Structures are given as structure tokens and as C-alpha cells.
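What follows is one structure encoded as C-alpha cells, with my remarks underneath.
The values are calculated or read from the model by the stated rules, or taken from the named source; none is laboratory data. Computed from a predicted structure; not experimentally measured. Neighbour counts are summed over all protein chains in view; Cβ atoms, including those assigned to glycine, are modelled from backbone coordinates with ideal geometry.
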């Protein structure tokens, strides 16, 4: 019978065991390195008020440099168009906008397909368009497209406003 070699066989630990040993060593090093340091977080106590009407929250005063200037409605030209089947819609919304202070320069019918009532604006009148949309209850605000004029806001209505 042939004899097999009887050499020494070396068994290596599995990769999981090696990773576990490294992780424990790293944790021990981190523990020793941070020992004796206080917590990074501090507890903050709010002053207790004896009067229930006094608020413990600090008041924040707005920075006058960061406030946006109020829109000058009377300085902005506005046209209102009706893209619905409802008679007189553009005229009534134009009167409403003028009553709020907008400088309405015309109202008429619009021929084309518009999915929802929209305020269209040239780039320089973006803030004014948002204010007009807010004043009228319109949620859609977009940049002007041809054949709209670039010196005014254009409102196109697809139905009565709420």
C-alpha cells in the first residue's frame, strides 16, 4: 500500500474571523483615543417664565437688507385674455386686477390651447407675475411665449377664478 505524505497542514482563519479581529482592534484604538474627552453635545436649558402669557421663544427681527421690495402694481402693464367659453370672463378679471391696483391695459379673447389659467411674464417681471398670480388665485406662472409682448404680464384664463 502506498503511503501518503504526512506533512504538516496549516489552517488559515476564515476572512470573517480576520475582519472581526480588525474591527475589535479598531474599536479599542478609538476607545483609548477618545477616553477622557467630554461629550460633544451640551444641554441647553431655556429660562422658565413665571407668566404664562410670556413666550420663551426668541423673537427674530427681519433683516431690512434681505426683505424683497413690495411690488409696485401700478407700474406694471397687464393684459387679460379669455380662453374659455364663458362670456365676459376676461373683462371681469381685468376689472378685479385693476381694482387691486394693477395697470390693466387691455382684455380680449385668446385663441389657442392653454391647459390652465396662467400668468405669463418677461424675465424682469418674475416677482410681479408671482404677485399678480397670488392676487388673482392663479397657480400657474410661466415665462412669455410668442406672440406675447415682452414688456407686460399676460393673463390667460381657462375658466372662472375661485
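A few remarks follow.
- Condition check for residue 128 on (1) within 30 Å of the chain's Cα centre (by Cα); (2) more than 17 Å from residue 70 (Cα to Cα); (3) at pLDDT 95 or above: one failure, at (2).
- Restricting the first member to the stretch 137-149 and to residues that are on the phi < 0 side of the Ramachandran plot and part of a loop (DSSP other than H, G, I, E, B), and the second to residues that are at pLDDT 90 or above and surrounded by fewer than 10 Cβ atoms within 10 Å (Cβ to Cβ), the beta-carbon pairs closer than 9 Å and six or more apart or on different chains are 144/123.
- Count of the stretch 102-136 residues which are surrounded by 13 or more Cβ atoms within 10 Å (Cβ to Cβ) and part of a loop (DSSP other than H, G, I, E, B): 5
- Number of the condition not met by residue 91 [criteria: (1) out of contact with any strand residue (DSSP E or B) (no Cβ under 6 Å at 6 or more places or on another chain); (2) in a helix (DSSP H, G or I); (3) surrounded by fewer than 21 Cβ atoms within 10 Å (Cβ to Cβ); (4) in contact (Cβ under 8 Å) with a residue 12 or more places away in the chain]: (1)
- If you go through the stretch 97-136 and keep only what is touching a helix residue (DSSP H, G or I) at 6+ places or on another chain (Cβ under 7 Å) and farther than 18 Å from residue 149 by Cα, you end up with 97, 100, 101, 135, 136.
One line per residue, one yes/no per condition, for (1) modelled with pLDDT of 70 or more; (2) part of a loop (DSSP other than H, G, I, E, B); (3) within 22 Å of residue 128 (Cα to Cα); (4) under 35 Å from the mean Cα position of the chain (by Cα):
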position: 6; (1), (2), (3), (4): no, yes, no, no
position: 19; (1), (2), (3), (4): yes, no, no, no
position: 22; (1), (2), (3), (4): yes, no, no, no
position: 26; (1), (2), (3), (4): yes, no, no, no
position: 37; (1), (2), (3), (4): no, yes, no, no
position: 53; (1), (2), (3), (4): no, yes, no, yes
position: 57; (1), (2), (3), (4): no, yes, no, yes
position: 84; (1), (2), (3), (4): yes, yes, no, yes
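- Output for the stretch 127-136, where each listed residue is without any contact (Cβ under 8 Å) to a residue 12 or more places away in the chain and closer than 13 Å to residue 76 by Cα: 130
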